[in-house]
């Protein structure tokens, strides 16, 4: 089986698994991350099969939709890739991308993390989908999914979260901008990722300015 066939089978698998997923973490999210990954990968020396599979499988079982269990996604990916007889070193690399891609894993004190250029590329692609117009839409879609309020001026963002704090957070959706989304621009790994993040970051700043103006009845 060649790489193109492996990718096609993986796409079919992901579409089936995520057919009823929450709108910000569905197949279309995966497709956008895959496209961003391919764009960034053009400028980097990476294994294209690894970044393709990492992008396609990175949210196959997002822990936030599985009781916080972070082992389900890597296991599902591993079992699927083994069924395609993918080389063990490729499978291990993809698993590590899934395990280490999340923003929450950058919070607080950490043991020495896994690192690779492939992880950096897929991580940037995923972070790009969390900011800008799409990121705003996803944030409010998830907030609605969890029945969270839009904004409460009396509830301040938690700017010193550790991983467990982040996983348990239930604050207003606007707080999420300060607790994560506005921080992502400065966490990008690649030159292309940083470049693409700039405009999306600025769009969020402008959105928040309009939001507060309208909230306060001055626009």
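Go through segment 172-197 and report how many residues are over 25 Å from residue 145 (Cα atoms), surrounded by fewer than 16 Cβ atoms within 10 Å (Cβ to Cβ) and either at pLDDT below 95 or under 17 Å from the mean Cα position of the chain (by Cα) (or both). Quick ask: steps written out before the conclusion?
Residues of segment 172-197 that are over 25 Å from residue 145 (Cα atoms), as a first pass: 185-197.
Filter once more, keeping what is surrounded by fewer than 16 Cβ atoms within 10 Å (Cβ to Cβ): 186-187, 191, 194-195.
The next check asks that each one be either at pLDDT below 95 or under 17 Å from the mean Cα position of the chain (by Cα) (or both); those that pass are 186-187, 194.
Adding up the residues that qualify gives 3.
Residues that are crowded, with 17+ Cβ neighbours inside 10 Å, under 17 Å from the mean Cα position of the chain (by Cα) and either more than 24 Å from residue 146 (Cα to Cα) or free of Cβ contacts under 8 Å to residues at least 24 places away in the same chain (or both): does segment 103-114 have at least one?
No, segment 103-114 contains no residue that is crowded, with 17+ Cβ neighbours inside 10 Å, under 17 Å from the mean Cα position of the chain (by Cα) and either more than 24 Å from residue 146 (Cα to Cα) or free of Cβ contacts under 8 Å to residues at least 24 places away in the same chain (or both).
Can you list the helices (runs of 4 or more DSSP H) lying wholly within segment 1-82 that have 2 or more residues being within 15 Å of the chain's Cα centre (by Cα) and either modelled with pLDDT of 95 or more or surrounded by fewer than 16 Cβ atoms within 10 Å (Cβ to Cβ) (or both)? Let's see the steps before the verdict.
On the way: elements: 3-17, 27-41, 48-57.
Fully inside segment 1-82 and qualifying: 27-41, 48-57.
Go through segment 129-138 and count every residue that is closer than 20 Å to residue 61 by Cα and touching a helix residue (DSSP H, G or I) at 6+ places or on another chain (Cβ under 7 Å). I'd like the intermediate steps shown before the answer.
Initial filter on segment 129-138 (closer than 20 Å to residue 61 by Cα): 129-130, 135, 138.
Among the residues that remain, those that are also touching a helix residue (DSSP H, G or I) at 6+ places or on another chain (Cβ under 7 Å) are: 129-130, 135.
Count: 3.
Only one of these is under 17 Å from residue 36 (Cβ atoms), at pLDDT 95 or above and not in a loop (DSSP other than H, G, I, E, B): 97, 91. Name it. Walk me through how you get there before you give the answer.
Details: 91 fails: under 17 Å from residue 36 (Cβ atoms).
Residue meeting the stated conditions: 97.
Among the numbered conditions (1) under 23 Å from residue 194 (Cβ atoms); (2) surrounded by 13 or more Cβ atoms within 10 Å (Cβ to Cβ), tell me where residue 99 comes up short.
(1)
The values are calculated or read from the model by the stated rules, or taken from the named source; none is laboratory data. Remember, it's a predicted structure, so these values are computed and weren't measured experimentally. Methodologically, a virtual Cβ is constructed for each residue, glycine included, from the backbone with ideal geometry; neighbour enumeration extends over all protein chains shown.
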